[in-house]
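To start, the structure under review is shown below, and the notes come after it.
The values are calculated or read from the model by the stated rules, or taken from the named source; none is laboratory data. Given the structure is predicted, the values throughout are model-derived calculations rather than measurements. For neighbour counting, all protein chains shown are included, and Cβ atoms are generated from backbone atoms with ideal geometry for every residue, glycine included. What goes into the accessible areas is simple: the full protein's heavy atoms, side chains included, and nothing from ligands, DNA or RNA. Shrake-Rupley method; radii C 1.70, N 1.55, O 1.52, S 1.80 Å.
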Amino acid sequence: MESPAQPLSVTDHRRDSAGLTYVYPVVSRRAGGVSVGINLNPNNACNWACVYCQVPDLTRGGPPPIDLAQLERELDAMLTDLLQGDFMLRAVPPEARRLMDIAFSGNGEPTSAPEFPAAVEAVRRQVERHQLQGRIALRLITNGSLLHRPEVQAGIGRLGEAGGEVWFKVDRATAPGMEEVNGTRGDPGKVLANLRRCGELAPTWVQTCLFRRDGAAPAEAELTAYLELLAQAGERVRGVHLYGLARPSLQPGAERLERLSPAELEAVAERIRALGLPVTVSP
């Protein structure tokens, strides 16, 4: 297995670091160690265009056909190197040398791949082969926009049956806010319905990125709408992962974005906790 040219770090999430097509290792600040990513969008295509996205040459669209056999071979080889080889010593800083999860993430929306449910099954087989059940988490990191599709629900259901969880992106909760931040003409009502449905299929956490744009923090109206959406989702949501900008955006207008201070993020977190939801904060 090819080693990364540089040691892995929380600021470097390159999908080609191991020289593979579908599988890549990263050090994840939110997962707390090494996360093995599954990239079902190797063509850098997504149905959203978030202003803070770190994917180079991002385009609109869906993924190419997925070679499931290759994906499974790559995952088997990566797990073998992580668990039995010296990958951790070669490429991972000492404080992060623990395998935390396998996450469907990558360079676009994972659930846009028709092969998504079959990919979940391939990952489950490798988890069993390497005797990782109950030792690591299985995660889907999604924008949630395709939850209306039966095949997406089927894949998430299988993930839930395997003890996995979903990190469901909600950055803004108004239509203008979603268009500005995520590059999509979103419907807050549909977001809420999809979030509730996702929570029925698998344990679901909301993940939210907050930042300044043109010097301005998110408007109070946006925060109020966001908190209301979380309140309406109720028990379908296990908690919130609140985070700031860790790596520079590679999208047009990146120079307009700035990080919020840890204190500013914590102030929002307190408002979320007031709803009865646990919150993790990653500035």
*With a 1.4 Å probe and every protein chain kept in, tell me what percent of the accessible surface of the chain is carbon plus sulfur.*
51
_Give me the one-decimal nm value for the distance between modelled label points at E151 and R185, 7 Å along each residue's Cα-to-Cβ direction._
2.5
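For A77 and A246, compute 0.36 nm times the residue count separating them, minus their Cα-Cα distance, and round to one decimal in nm. Intermediate results must be reported in sequence, preceding the final value.
Values: separation 169, 0.36 × 169 = 60.84 nm, distance 2.91 nm.
57.9 nm is the gain from fully extending A77 to A246.
Grab the beta carbon distance between E235 and Q131, set R0 = 45 Å, and tell me the FRET efficiency rounded to 0.05.
Numbers: r = 33 Å, r/R0 = 0.73.
Working from the Cβ atoms, E equals 0.85.
Using a Förster radius of 25 Å, what is the FRET efficiency between R256 and S282 based on their Cβ-Cβ separation? Nearest 0.05, please. Walk me through the numbers before you get to the answer.
Values: r = 22 Å, r/R0 = 0.87.
With R0 = 25 Å, the Cβ-Cβ based efficiency is 0.70.
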*In nm, to one decimal, how far is the modelled label at R97 from the one at A274, with both set 7 Å along Cα→Cβ?*
4.5
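Once R0 is set to 41 Å, what does the formula 1/(1 + (r/R0)^6) return for the Cβ-Cβ distance between A162 and D86, expressed as a FRET efficiency to the nearest 0.05?
Working: r = 29 Å, r/R0 = 0.70.
My answer for the efficiency is 0.90.
When the chain is fully extended, how far beyond the present Cα-Cα distance does A69 get from A267, taking 0.36 nm per residue of separation? Mind dumping the intermediate values first?
On the way: separation 198, 0.36 × 198 = 71.28 nm, distance 4.64 nm.
The A69-A267 span can extend by a further 66.6 nm.
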*Within segment 135-182, which GluC sites (Glu not before Pro) sit in a loop by DSSP and count at most 11 neighbouring Cβ atoms inside 10 Å?*
none
